[in-house]
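Have a look at the structure below before the remarks.
The values are calculated or read from the model by the stated rules, or taken from the named source; none is laboratory data. Small disclaimer: the values here were computed from a predicted structure and weren't measured. So basically every Cβ, Gly included, is an ideal-geometry build from the backbone, and we count neighbours across all protein chains shown.
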Amino acid sequence: MSLRMDKVNRQIQKLITEIIQKDVDDPNMDFLSITRVDTTRDLQESKVYYSMLTDENLIKAKETLSRMGGFIRGQLGKRIRLKVLPQLHFIPDDSIKHSVDIYKKIEEIKSEVDNEKESAEGDS
C-alpha cells in the first residue's frame, strides 16, 4: 500500500472515530473502536473495521452503524478533502478477541505446565 493511501486510511479512521464520539448519540456506541480502515486505490470504497469491548453490544453497534452509515459518510465529507468520498462498509473486527483468546489459551497451557512441574518436584 502506498504512503498516500496509508495517510488517507489513517485520516478516515481518525475522523470516523471523532464523528462517532461527538455526533452519534447512541449508548451502544460508547465502547466502539475503529481498529483500521482499508480504502480502495480508486477511493470508491472503504472497509471500516470496528470492535467492541463486549459481544452483547456488537450486534446493537452493527445495527446502529448500518442505520447511521449515511450520516457518518456525510459528516466525513464535510471534514475531509478527497476527490471522491468513498462508500463506507462497516465490518466487525474480531482480531482483538482472537488475540485475547490466544493469550488465554497460552496462559492456560503455561499454568498446566507449571502444575505438572510442581507435582513432579513433589514426587521426587
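Criterion first (hydroxyl-bearing (Ser, Thr, Tyr) and either surrounded by 13 or more Cβ atoms within 10 Å (Cβ to Cβ) or modelled with pLDDT of 95 or more (or both)) does Ser2 satisfy it? No.
Residues that are touching a residue at least 24 places away in the same chain (Cβ under 8 Å), under 19 Å from Met29 (Cβ atoms) and either among the polar types (S, T, N, Q) or surrounded by fewer than 10 Cβ atoms within 10 Å (Cβ to Cβ) (or both): does segment 86-108 have at least one? Lay out the reasoning, then the answer.
Step one: of segment 86-108, the residues touching a residue at least 24 places away in the same chain (Cβ under 8 Å) are 86-97.
Still in the running and under 19 Å from Met29 (Cβ atoms): 88-94, 96-97.
Now drop any that are not either among the polar types (S, T, N, Q) or surrounded by fewer than 10 Cβ atoms within 10 Å (Cβ to Cβ) (or both), which leaves none.
No, segment 86-108 has no match at all.
Contact annotation: residue pairs with Cβ atoms under 8 Å, 6 or more positions apart or on different chains, pairing a residue in segment 28-55 that is more than 22 Å from Leu85 (Cβ to Cβ) with a partner that is exposed (fewer than 13 other Cβ atoms within 10 Å of the Cβ) and of a type in the set (Ser, Thr, Tyr), are Phe31/Thr54; Ser51/Ser95. Taken over segment 65-104, the criterion of being at pLDDT 90 or above, in a helix (DSSP H, G or I) and not small (Gly, Ala, Ser) is satisfied by Leu65, Arg67, Met68, Phe71, Ile72, Arg73, Gln75, Leu76, Lys78, Arg79.
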